[in-house]
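The values are calculated or read from the model by the stated rules, or taken from the named source; none is laboratory data. Please read all numbers here as calculations on a predicted model, not as lab measurements. Here the Cβ is made from the backbone with ideal geometry for all residues, glycine too, and neighbour counts use every protein chain on show.
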């Protein structure tokens, strides 16, 4: 079962379809007792995948103090909210009835990216933009709202290049997911089997997402999110 959860986590973590929402849905269907800390452990596997995939972006950020500063700013909202809303977030992981609304929200956000484009680069990012994308990442604390979908969409709405929106989204996920994963390990809620499978399947998902964003087709995942919203409503 851990292998299945790891594969689901890896395939859905970076695709804009919400990995946590899928894990909650699967755990409900399979009658598993899943909480926010178990999903955090699974995130460690996909964290390793994104570090491998985003090496160019990491090297690029280390050459620019502005990118590093903005990444810190973008990370703060999710970090603070994760602490303040810990109990509220954990409750949503045992409440599948709310999933349809969160999946629908993700679908709507993705649809709005269909006609947006820009030329701004990460090196040009302002503190305001960094704050806005950081606030967008807060929404993804809740299952059904895609972290990659909301952050990449926000950056596209702010007129950043597709490649830069993709790289920045990957980079800003690293500290947040790392912190959540460490917290999950301290709770001692899962083994390392699932994260291992999440790592390998996550690499595949990263490749697919990269192609979708650069070709301007990320919005097509909205149809899948709408489908999952309907399914989660029917089984909720």
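Details
- Residue within region 30-40 that is modelled with pLDDT of 85 or more, crowded, with 17+ Cβ neighbours inside 10 Å and not in a loop (DSSP other than H, G, I, E, B) present: no
- Residue in region 197-209 that is over 17 Å from the mean Cα position of the chain (by Cα) and assigned to a helix (DSSP H, G or I) present: yes
- Condition check for residue 5 on (1) outside any helix (DSSP H, G or I); (2) at pLDDT below 80: one failure, at (1).
- When each of 209, 196, 234 is tested for being out of contact with any helix residue (DSSP H, G or I) (no Cβ under 8 Å at 6 or more places or on another chain) and either over 19 Å from residue 149 (Cβ atoms) or surrounded by 14 or more Cβ atoms within 10 Å (Cβ to Cβ) (or both), the lone residue that passes is 234.
- Residue in region 118-130 that is out of contact with any helix residue (DSSP H, G or I) (no Cβ under 6 Å at 6 or more places or on another chain), surrounded by 17 or more Cβ atoms within 10 Å (Cβ to Cβ) and more than 19 Å from residue 14 (Cα to Cα) present: yes
- Hey, residue 149 touching a strand residue (DSSP E or B) at 6+ places or on another chain (Cβ under 6 Å) and under 21 Å from residue 222 (Cβ atoms) or not: no
- Residue check for residue 72: at pLDDT 85 or above and assigned to a helix (DSSP H, G or I): yes
- Check on residue 190, at pLDDT 90 or above and in contact with a helix residue (DSSP H, G or I) (Cβ under 9 Å, 6 or more places away or on another chain): no
- Residues in region 52-102 that are under 17 Å from residue 166 (Cβ atoms) and exposed (fewer than 14 other Cβ atoms within 10 Å of the Cβ) were compared, and the one that is nearest to the chain's Cα centre (by Cα) is 52.
- Number of the condition not met by residue 184 [criteria: (1) modelled with pLDDT of 85 or more; (2) outside any loop (DSSP other than H, G, I, E, B)]: (1)
- Test result for residue 139, farther than 30 Å from residue 234 by Cα and without any contact (Cβ under 8 Å) to a residue 40 or more places away in the chain: no
- The sole residue among 169, 201 that is at pLDDT below 90 and surrounded by 15 or more Cβ atoms within 10 Å (Cβ to Cβ) is 201.
- Qualifying residue in region 150-160 (condition: assigned to a helix (DSSP H, G or I), within 18 Å of the chain's Cα centre (by Cα) and surrounded by fewer than 22 Cβ atoms within 10 Å (Cβ to Cβ)): yes
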